[in-house]
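The values are calculated or read from the model by the stated rules, or taken from the named source; none is laboratory data. Source: prediction; values computed, not measured. Ideal geometry is used to build each Cβ from the backbone, glycine not excepted, and the neighbour counts take in all protein chains shown. Just so you know, the surface numbers come from the protein's heavy atoms only, side chains and all, with ligands and any DNA or RNA stripped out. Shrake-Rupley method; radii C 1.70, N 1.55, O 1.52, S 1.80 Å.
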Amino acid sequence: MRPPRYAKAQGISPKEFMPLAVRVASVLEFQQEEIAQRLADEDFSTDQATLATYEKAARTFQHALSSSGTRAPLFDAAVAEFGRGVAQGRGEDAVWTLAANRDDA
């Protein structure tokens, strides 16, 4: 994924972009333990953004990247995975549903 290149094309310097990247990484790190427990419990419920919400947002960002001429093949793969999960009927689940080996999906 190449958000720094996209950010630069939008007039945002790497120095301005990095605090956001660090913040996102810290949120993900904070949630790892809870997500691991939820996966162990097979609890895919959420009171936050659903997989369908992530897919919609990711497709919007994917369009912005593409429109700016920025290639992001790893991001494209993530968007495709979100879409597969939604197509399997898991759109109302938490995003970590994608990490589960689920026979019902």
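For every other residue with a beta carbon closer than 15 angstrom to the beta carbon of Val27, add +1 if it is Lys or Arg and -1 if Asp or Glu, then tell me the sum. Mind showing how you got there, number by number?
Numbers: positive: Arg23; negative: Glu29, Glu33, Glu34.
So the environment of Val27 carries a net charge of -2.
Over the Cα atoms of the chain, how large are the radius of gyration and the largest Cα-Cα distance (Dmax), in Å?
When restricted to the Cα atoms of the chain, Rg and Dmax are 15.4, 46 Å.
Report the far tail of the P(r) of the stretch 1-53, meaning the percent of Cα-Cα pairs longer than 12 Å. Walk me through the numbers on the way to the answer.
On the way: 1012 of 1378 pairs.
Across the stretch 1-53, Cα pairs with separations above 12 Å total 73 percent.
Taking the Cα centre of the chain as the origin, how large is its charge dipole in debye, to the nearest 20, when only Lys and Arg (+1) and Asp and Glu (-1) carry charge on their Cβ atoms? Can you show the working numbers first?
Working: 12 positive and 15 negative charges, 195 e Å.
Dipole magnitude for the chain comes out near 940 debye.
In the chain, which whole DSSP H runs stretch at least 30 Å along their own axis (Cα) and average -1.0 or higher on the Kyte-Doolittle scale? Please report the intermediate quantities before stating the final value.
Numbers: long enough: 14-40 (38 Å, 0.07).
Helices passing the filter in the chain: 14-40.
Skip the ligands, DNA and RNA, and give the accessible area per residue of the chain with a 1.4 Å probe, whole Å².
Details: 7420 Å² over 105 residues.
It amounts to 71 Å² per residue over the chain.
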